[in-house]
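What follows is a set of notes on a single structure, which appears directly below.
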Amino acid sequence: MSVVDRVPARDAWLRRFHPPARPGTDPVLVVLPHAGGNASYYFPLSRDLAAHAEVLTVQYPGRQERLGEPSPDTIDGLVDGVERALEPWRGRRLVLFGHSMGAVLAYELTRRLEASGDRPLGLILSGRRSPLVPRRDDLHTLDDDALLAHVQALSGTDAGLLADPELRALILPALRGDYRAVGTYRHEPGPLLRTPVSVLCGESDPRASVAEAMGWRELTGAAFTFRGFPGGHFYLAERHEAVVRAIAEDLAVFATA
């Protein structure tokens, strides 16, 4: 097996960096990256959770080997692509994990799966306030320098990449598209989720306070858990081992619920 699999080979949306320990029987953990993020950022998470789940990481268009592809600039457009890519896994025990923008995608994808009768095993939301918390979110309207300065302040991107003019030019279209998608997203009222929800949050996150992240509990009628970690928006890199333990615990709880 190659180091990076496209799963299946014809699908550009999913990456499997590590083979599952128990193919066909482990839960399937689907990782949805943050705005401007790519699948490779979550390689360490995949590595350390491979003993607990079959880890599939989403690769959005417009980055890395998908650089030439236009990236959808709406949440619905991104969810459409992920939903189609997951067709071969319908009926499997899916757990969705999303960080920041990925949390919004994971939530909306869970709503779609529930509506079609394929309720996921669990939903893990990281680094994102509840969509019930009103806030103006128009970062996509900033000029290039201001948008990149915001991203650098969150510590999610190597400062060296942002300083290189050629790399900046490659990064900006997908980054701006992602920020437009999440900035123009509006929550549509609907039934409460029937899927158990776990929320993870950096306790000093300027984009999602503990109280704002706790607001997700109002969107599920099933079990809800919350864990805070020291750190900011990218606490999951700063507290990697603790985050891996938390997700592994969630997987075990979801599997036995």
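Since every read-out is calculated from the coordinates, none of them should be taken as a lab result. What you see is a predicted model, and the numbers here were worked out from it, not measured in a lab. Glycine also receives a Cβ, built like all others from the backbone with ideal geometry; neighbour counts cover every protein chain displayed.
Summary table below
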{"item": "Listed residues A174, A106, A242, most fluctuating in the chain (Gaussian network, C-alpha, under 10 Å)", "result": "A242"}
{"item": "Residues with amide H under 5 Å from that of R128, placed H, sequence gap 5 or more", "result": "S100"}
{"item": "Residue among R16, R129, R112 with the largest mean-square fluctuation in a Gaussian network model of the chain, springs linking Cα atoms under 10 Å", "result": "R112"}
{"item": "Estimated FRET transfer efficiency when R0 is 41 angstrom, pair E69-A211 (beta carbons, to 0.05)", "result": "0.60"}
{"item": "J(HN,Hα) series, segment 173-189, from Karplus relation 6.51 cos²θ - 1.76 cosθ + 1.60, nearest Hz, glycine and proline x", "result": "x, 5, 4, 5, x, 5, 5, 5, 4, 6, x, 9, 5, 10, 6, 9, x"}
{"item": "Estimated FRET transfer efficiency (H240, E203; beta-carbon r; R0 22 Å; 0.05)", "result": "0.85"}
{"item": "Segment 65-124 pair-distance distribution - Cα-Cα, 10 Å bins, rounded %", "result": "21, 54, 22, 3"}
{"item": "Spin-label zone in segment 178-211 - amide nitrogen under 17 Å from a point set 7 Å from the Cα of D118 along the C-beta vector", "result": "194-195"}
{"item": "Separation of the R135 and A223 label points, Cα + 7 Å toward Cβ, nm", "result": "2.9"}
{"item": "Distance between modelled label sites at L167 and A252, nm, 7 Å Cα→Cβ extension", "result": "3.9"}
{"item": "Cβ-Cβ FRET estimate between H150 and D11, R0 fixed at 30 Å, reported to 0.05", "result": "0.40"}
{"item": "Inverse of mean 1/r across different Cα pairs in the chain, Kirkwood, Å", "result": "18.3"}
{"item": "Relative contact order, percent, the chain [alpha-carbon distance under 8 Å, six or more residues apart]", "result": "19"}
{"item": "In order through segment 218-235: 3J(HN,Hα) via Karplus (6.51 cos²θ - 1.76 cosθ + 1.60), integer Hz, x for Gly, Pro", "result": "7, 10, 10, x, 9, 4, 9, 10, 9, 9, x, 10, x, x, x, 5, 9, 3"}
{"item": "Distant-in-sequence amide H partners of L94 (H built 1.01 Å from N, under 5 Å)", "result": "V28, L121"}
